[in-house]
Amino acid sequence: MASLCNSSSTTLKTPFTSSSTSLSSTSKPSQLFLHGKRNKTFKVSCKVTNNNGDQNVETNSVDRRNVLLGLGGLYGVANAIPLAASASPTPPPDLSTCSKAKINATTEVPYTCCAPTPKDMRKVPYYKFPSMTKLRIRPPAHALDEAYIAKYNLAISRMKDLDKTQPDNPIGFKQQANIHCAYCNGAYAIDGKVLQVHNSWLFFPFHRWYLYFYERILGSLIDDPTFALPYWNWDHPKGMRFPPMFDIPGTALYDERRGEQIHNGTVIDLGSFGDQVQTTQLQLMTNNLTLMYRQLVTNAPCPLMFFGGPYTLGSDVESPGTVEVIPHSPVHIWAGTRRGSILPDGKTSNGEDMGHFYSAGLDPVFYCHHSNVDRMWNEWKAIGGKRTDIQNKDWLNSEFFFYDESGNPFKVKVRDCLDTKKMGYTYEPMPTPWRNFKPKTKASAGKVNTSSIPPVSQVFPLAKLDKAISFSINRPASSRTQQEKNAQEEILTFNDIKYDNRGYIRFDVFLNVDNNVNANELDKAEFAGSYTSLPHVHRVGDTNHVATANLQLAITELLEDIGLEDEETIAVTLVPKKGDISIGGVEIKLADC
């Protein structure tokens, strides 16, 4: 496989250097598929939507075990449900105020993450999309041929070469990685308040724009305007392993600062919290598909549940959307080193590279991962219902700052990145089996006797979630009509969650089970969702390393599935997996969707 990066015939030029590099013209499909045995069958309906708005429904008789073996809550949204929720539009950062980014409150990143500063930010123009004759098509990483992999490796190699010859060039590999570091680790300030693009409705549009320019830079470095980033298809069993092309030592796509768990075809855990779950690969794949269904279907019926809550500069309450929490953050955690382990340079790991915001962009797989995160935006809207882009002008008019493939500075707006076709790219369709993976098996028979467990008022505030706990809680309404359900979503809300933001955290939520539930098997109808987080710098102060978040889970569908629609009181069970966590209170409310 190392030969994939050898040069042969095609000479390519870069606008930043006179040297040329050759690209192999060899093309041989990569054999990345495994095959399993057939067992019981079920129907998978896969609606594939492209950027032209076309939809194809593929219904196949698929073996459930073969799908898994053979192929290889609203989360933290504070005040996020009402679409009238308001926050001022976020302007692009004031680059003149850029300072050292932080790994945590007391440790600074050992280099500057600040981008080159234009002479006059007031004269930086707004970006206009160039004319195009053909859409760039982003392919799934597990199905790439050798010619594509060689081209991708060459583009990253040339980007890394710029670090040596032109370290201040904004399209160099480290400068591009620093964009994420600065935006996400407290380097930028606006009006004296730290800017952060994670844990809010800025998450999806920022990363879409980020990848847009990154992709165009790679294409320019190999003189191929049709070049498109691959996507790590971790939402499909074929892609639930580390993409092999990134795990070849000596290539530009390799990063030695990855954890050992990515090797040997290990199945990824889309709910990873830093520790290995003791279960089978089949169960892990089942858990992954269950998590995908919960995150994109059950817990994301409304725009602000999917995207995250409105962003206010300097806010000390985190409000990430469903996909940002899971699977986005767990994929970062899974691909990084284990915290506290020793890195190749002898330093103690903070989770580098993928496992920490400041260093994530230094791993080429980061962009492949976020390509699939971006794809989830399209897939979520294709599900239908009220799953549409946010119409709030504060979101639409928020701005970011980037450099294009020629090294020219531009400002961009959220409103201009809603249609990937207009941006010049689309995704090669892949089936989405998670859409049809609603958990149907029940963990318990009948209904839990709510009178036998303490009421919510006796359990919360909870100083430390260090063991599984069950409590009863009253609902605001029962036996609702379908019209009432369509108008308002029933939300289970955990308020004032506090945890140490230097480490990983995870806890799971179940309805109608006791505290003996097997939390390693998530494919149960009673599983409501999970909360997890990546280490990051807090937005304000952060002298005590404490982050604050709210967790909201949509439970209307869940109550129907487990037969609790008519119950006035239900049982809730929390199962801690990782980290020191406290919770201020819990409530159920109805909210406009």
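Values as computed for the structure displayed
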read-out	value
Counted residues, segment 549-593 - those being under 18 Å from Arg506 (Cα atoms) and either in contact with a Cys (Cβ under 7 Å, 6 or more places away or on another chain) or among the acidic types (Asp, Glu) (or both)	1
Matching strands (runs of 3 or more DSSP E) fully within segment 482-591 where at least 2 residues are open to solvent by 40 Å² or more (accessible area, probe 1.4 Å)	488-500, 569-578
Answer residue from segment 357-412, given it is in a loop (DSSP other than H, G, I, E, B) and open to solvent by less than 10 Å² (accessible area, probe 1.4 Å) and is farthest from Arg138 (Cα to Cα) among those	Ser398
The lone exception for Arg258 - which of (1) in contact with a Cys (Cβ under 8 Å, 6 or more places away or on another chain); (2) open to solvent by 10 Å² or more (accessible area, probe 1.4 Å) it fails	(1)
Only one of Asn51, Asn66 that is part of a loop (DSSP other than H, G, I, E, B) and at pLDDT below 85	Asn51
Where Phe227 falls short, out of the listed (1) over 16 Å from the mean Cα position of the chain (by Cα); (2) over 15 Å from Tyr152 (Cα atoms); (3) of a type in the set (Phe, Trp, Tyr)	(2)
Residues (crowded, with 18+ Cβ neighbours inside 10 Å and either farther than 16 Å from Ile222 by Cβ or not hydroxyl-bearing (Ser, Thr, Tyr) (or both)) located in segment 147-163	Ile149, Ala150, Lys151, Asn153, Leu154, Ala155, Ile156, Arg158, Met159, Asp161, Leu162
Any hit, segment 239-252, residues being surrounded by fewer than 19 Cβ atoms within 10 Å (Cβ to Cβ), part of a helix (DSSP H, G or I) and out of contact with any strand residue (DSSP E or B) (no Cβ under 9 Å at 6 or more places or on another chain)	yes
Residues of segment 171-189 that turn out to be outside any helix (DSSP H, G or I), closer than 19 Å to Ile222 by Cα and open to solvent by 10 Å² or more (accessible area, probe 1.4 Å), as a count	0
Test: residue in segment 464-472 that is at positive phi and open to solvent by 30 Å² or more (accessible area, probe 1.4 Å)	no
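Okay, residues lined up against (1) in contact with a Cys (Cβ under 8 Å, 6 or more places away or on another chain); (2) closer than 20 Å to Gly584 by Cα; (3) aromatic (Phe, Trp, Tyr):
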| residue | (1), (2), (3) |
| --- | --- |
| Pro433 | yes, no, no |
| Ser451 | no, no, no |
| Phe471 | no, yes, yes |
| Asp500 | no, yes, no |
| Val513 | no, no, no |
| Asp523 | no, no, no |
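Listed here are the residues, each with its yes/no results for (1) open to solvent by less than 10 Å² (accessible area, probe 1.4 Å); (2) more than 28 Å from Thr90 (Cβ to Cβ).
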| site | (1), (2) |
| --- | --- |
| Gln278 | no, yes |
| Asn288 | yes, yes |
| Met292 | yes, yes |
| Phe307 | yes, no |
| Thr312 | no, no |
| Ile326 | yes, no |
| Ala335 | yes, yes |
| Arg338 | no, yes |
| Asp345 | no, yes |
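The values are calculated or read from the model by the stated rules, or taken from the named source; none is laboratory data. Predicted model, so just to flag it, every value in this text is computed and none were measured. Glycine gets a Cβ as well: all are built from the backbone with ideal geometry, and neighbour counts include every protein chain shown. Note: accessible area is taken over every heavy atom of the protein model, side chains too, but ligands, DNA and RNA are not part of it. Shrake-Rupley method; radii C 1.70, N 1.55, O 1.52, S 1.80 Å.
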